[in-house]
Protein chains: 2
Amino acid sequence: MRATQAENSSLRQSAGERAILEAAAWLFSEIGFDGVSMRSVAEAAGVSKANIYHHFESKEALYLAILHASAAELSALVENLEESSGRFDANISEFSSAHLQHLMDNETTSRLMLREAFSGDEERSRMLVERVVGGTFERMVSIFRAGQEAGELRSDLDPALCATLLMGADVFFFQARGALKHIPQAGFVRRPGRFSEQMIDVMLNGMLSKKQRKGGAQ
Amino acid sequence: MRATQAENSSLRQSAGERAILEAAAWLFSEIGFDGVSMRSVAEAAGVSKANIYHHFESKEALYLAILHASAAELSALVENLEESSGRFDANISEFSSAHLQHLMDNETTSRLMLREAFSGDEERSRMLVERVVGGTFERMVSIFRAGQEAGELRSDLDPALCATLLMGADVFFFQARGALKHIPQAGFVRRPGRFSEQMIDVMLNGMLSKKQRKGGAQ
DNA sequence: CAAAACACTGACCGTCCGGTCGGTCAGTTA
DNA sequence: TAACTGACCGACCGGACGGTCAGTGTTTTG
């Protein structure tokens, strides 16, 4: 009588459950955990409130189910970004632009994860980092470290710091673009590709060791 | 009988009102608008709930009062950062490290403003940007533009994009440091000064025109 | 020194919240 | 056909929410 299994994401789920998950994911990412009521989820999903409790034990459980699904989705998408065989700077460049593209293409998921990582409590952010972001970050760092050993990356820089700068720039652009578009001079917000291009140019130009620099114009 | 004036921040305010503002600022920055109840504010401030409504028309008005106070505080602090007369790169460097320092020193205010700017609705983020961040950002951009005209900044870069990168790196570090400290390799989170230093090094190294570069080690 | 103005409170209101309960109904299984 | 199961619903619960109000002291002021 009570919902027991749940979160068996791959197992068949009823149309109602799918509708609930979809509606809730959107609402949570848009308004946040506190701001979303189970009534609003039910209404948006076109089901009764009681039906949600048939599928999920609590509001918390529903949120967690969505979080786990999002995390799995995210890390699956990131899986494809490594194992590039090109030059160091080309790898970095490719990763970074794909990373931003991914953020933009999966707005709901990304927003949810960022909300959780930045404003959640200690335990949740730790779990999130260890389960999802951590792997990506470590791969990124090892790419940087390899580049450093090959003499392409400046030896005086912290590889983890470099990775943070690169991924952070994407993340900041993603979450700040709504606010930035109210600033007249910041016309670049409407062209993420152009931002990504110039950002990577600046970063690589600043990070690569002297002999490796292609050096932007001028 | 009804609260009317309010938000006359400089005029004398009762001990109760001050306690309310202080408690509410902390709670809002920590838990967010939805998560904070007027009862919790009253309890934290050591006053009755009704007393809050004596000083502020509504929860919304209380939030706005804190937001305005924070905004004023922020822009006052930023006011001192401009008008430097040194070299272009020294100005940028000084501004950026002071900016991060300011974020860290005013955690409550900063968190509140970021929350508002990033996850608030259209209208609020616009108001915030126009009233507070906009000015700082424009000053930053004009510094960059001047540097560009003087031939110190690469001419192929968008000045506003450069400003975004620099300020964004600080902001990202500020809000991500809680999550980053769960990543073993990211030991730099515990030394903001070191982060700031290397970040500015990379940025300037990537942004300055060739002849201007001092070039980090190696 | 009275009166107006202000700071403040406890009790209360209607509403919405997360969650529960008894029950219906369509679809399997035996 | 009878027993059972899972999807689903309307009505309801206690409690917390934002907000109100009549009233009590305290301070300022004409």
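The values are calculated or read from the model by the stated rules, or taken from the named source; none is laboratory data. Just so we're clear, the structure is a prediction, and the values are computed from it rather than from any experiment. Counting neighbours? That spans all protein chains shown, and the Cβs are built from the backbone with ideal geometry, glycine included.
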(request) Please give the helices (runs of 4 or more DSSP H) falling wholly within the range B:130-218 in which 1 or more residues are more than 7 Å from every other protein chain (Cβ to nearest Cβ), within 24 Å of the chain's Cα centre (by Cα) and among the polar types (S, T, N, Q). (result) B:134-149, B:192-207
(message) So, in the range A:117-151, exactly how many residues are at pLDDT 90 or above and charged (D, E, K, R)?
(response) 2
(request) Go through the range B:196-218 and give me each residue that's modelled with pLDDT under 95 and of a type in the set (G, A, S). (result) B:S209, B:G215, B:G216, B:A217
(request) Determine whether the range B:19-33 contains at least one residue that is within 11 Å of DNA strand D (Cβ to nearest atom) and exposed (fewer than 14 other Cβ atoms within 10 Å of the Cβ). (result) no
(request) Scan B:E94, B:E73, B:E130 and give me the residue that is within 26 Å of B:A15 (Cβ to Cβ) and away from DNA strand D (no atom under 16 Å from the Cβ). (result) B:E73
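Quick test for you: out of A:T136, A:T109, pick the one residue that is farther than 24 Å from A:D89 by Cβ and assigned by TED's automatic domain parsing to the domain that holds A:L165. Spell out the reasoning first.
Details: A:T136 fails: farther than 24 Å from A:D89 by Cβ.
Sole residue among the options that is farther than 24 Å from A:D89 by Cβ and assigned by TED's automatic domain parsing to the domain that holds A:L165: A:T109.
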